[in-house]
Amino acid sequence: MNDIWHVVHAERTALIDDLRALTASQWSTPSLCPGWDVHDILAHLVDDAKTTRLGFVRDLLAAGFHFDRLNAQGVERERAEDPARTLERFETVCSRTTSAPVPRASRLVEAFVHGEDIRRPLGVRHDYPAAHVATALRYQVSTSVKMGGGKERAQGLRLVATDTDLTMGTGEEVRGTTIALLLAVSGRPAGPEDLAGPGAVAFS
């Protein structure tokens with residue numbers, strides 16, 4: 001558990017460093033998450049870092065058990081008018097270890113996937129710890145889409161990581177880095193530069 005939080009905190013810090021250099025126009029760049037721009041993703045990360053078990057239950061009830069509405073309300077709550085202020089809020093909560101009542105591996109998913117939601121559209125490169133990304137990938141493949149995972153997207157496919165010894169599933173082979181596979185099963189767009197193999201078309 002402590003190892004996971006150590007990685008999450010390191011990823012938050014690295015993202016803060018990358019975001020400090022953004023221009024005013026870059027904050028409105030559409031992210032990989034449909035409907036959200038870079039600033040929205042950051043606000044979501046602030047809200048996620050501040051979430052507690054009891055707070056999550058309270059807010060979910062207020063949102064009528066609608067997860068998209070819950071997330072939208074969190075973004076609205078934490079998205080300051082000035083992106084620099086939202087970034088300051090993220091710096092303030094960077095070292096928190098609170099979470100919704102979900103498995104700890106989901107915290108890795110949040111850090112890695114949302115990190116790429118922001119970085120890829122901006123053309124910012126970041127090296128992720130492949131072994132921990134593999135942990136996040138295993139979690140996503142075992143979790144249903146309706147719960148934020150990617151189990152259904154990975155069905156009938158054999159996922160082969162090119163940067164670790166991870167191989168999962170049976171069926172048509174899909175090869176790629178652990179981060180590329182994680183993004184794909186999380187519903188993010190993947191192209192031939194990310195994935196290869198006869199099963200890659202499932203993610204195109």
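Some points to look at:
- In region 156-204, of all residues being closer than 22 Å to residue 105 by Cα and hydroxyl-bearing (Ser, Thr, Tyr), the one that is surrounded by the fewest Cβ atoms within 10 Å (Cβ to Cβ) corresponds to 167.
- Residue tally, condition in contact (Cβ under 8 Å) with a residue 24 or more places away in the chain, farther than 11 Å from residue 182 by Cα and touching a Lys or Arg at 6+ places or on another chain (Cβ under 9 Å), over region 122-142: 1
- Criterion violated by residue 173 - all others in (1) in contact (Cβ under 8 Å) with a residue 40 or more places away in the chain; (2) not in a helix (DSSP H, G or I) satisfied: (1)
- With respect to the stated conditions, residue 106 is within 11 Å of the chain's Cα centre (by Cα) and without any contact (Cβ under 8 Å) to a residue 60 or more places away in the chain.
- Sub-7 Å Cβ pairs linking a first residue in region 50-62 that is touching a residue at least 24 places away in the same chain (Cβ under 8 Å) and under 17 Å from residue 107 (Cα atoms) to a second residue that is open to solvent by less than 90 Å² (accessible area, probe 1.4 Å) and part of a helix (DSSP H, G or I), at least 6 apart or interchain, are 50/93, ordered by first then second residue.
- Options 95, 106: the member that is outside the structural domain of residue 188 (by the TED database) and either in contact with a Gly (Cβ under 9 Å, 6 or more places away or on another chain) or at pLDDT below 95 (or both): 106
- Qualifying residues in region 62-78 (those that are loosely packed, with under 12 Cβ neighbours inside 10 Å and within 19 Å of the chain's Cα centre (by Cα)) - the one modelled with the highest pLDDT: 76
- Total residues in region 10-23, condition surrounded by fewer than 19 Cβ atoms within 10 Å (Cβ to Cβ), in contact (Cβ under 8 Å) with a residue 24 or more places away in the chain and more than 13 Å from residue 115 (Cα to Cα): 1
- Per the listing 56, 112, the residue uniquely modelled with pLDDT under 95 and buried (at least 16 other Cβ atoms within 10 Å of the Cβ) is 56.
- Lone qualifier among 83, 30 - being open to solvent by 40 Å² or more (accessible area, probe 1.4 Å) and in contact (Cβ under 8 Å) with a residue 40 or more places away in the chain: 30
- Residue 108 being among the hydrophobic types (A, V, I, L, M, F, W, C) and touching a His at 6+ places or on another chain (Cβ under 7 Å): yes
The values are calculated or read from the model by the stated rules, or taken from the named source; none is laboratory data. Quick caveat, the model's predicted, so the values are computed rather than measured. Quick reminder, even Gly has a Cβ in these numbers, built from the backbone with ideal geometry, and neighbours come from all protein chains shown. Each accessible area value is taken on the protein alone, full model and side chains, heavy atoms only, with ligands, DNA and RNA left out. Shrake-Rupley method; radii C 1.70, N 1.55, O 1.52, S 1.80 Å.
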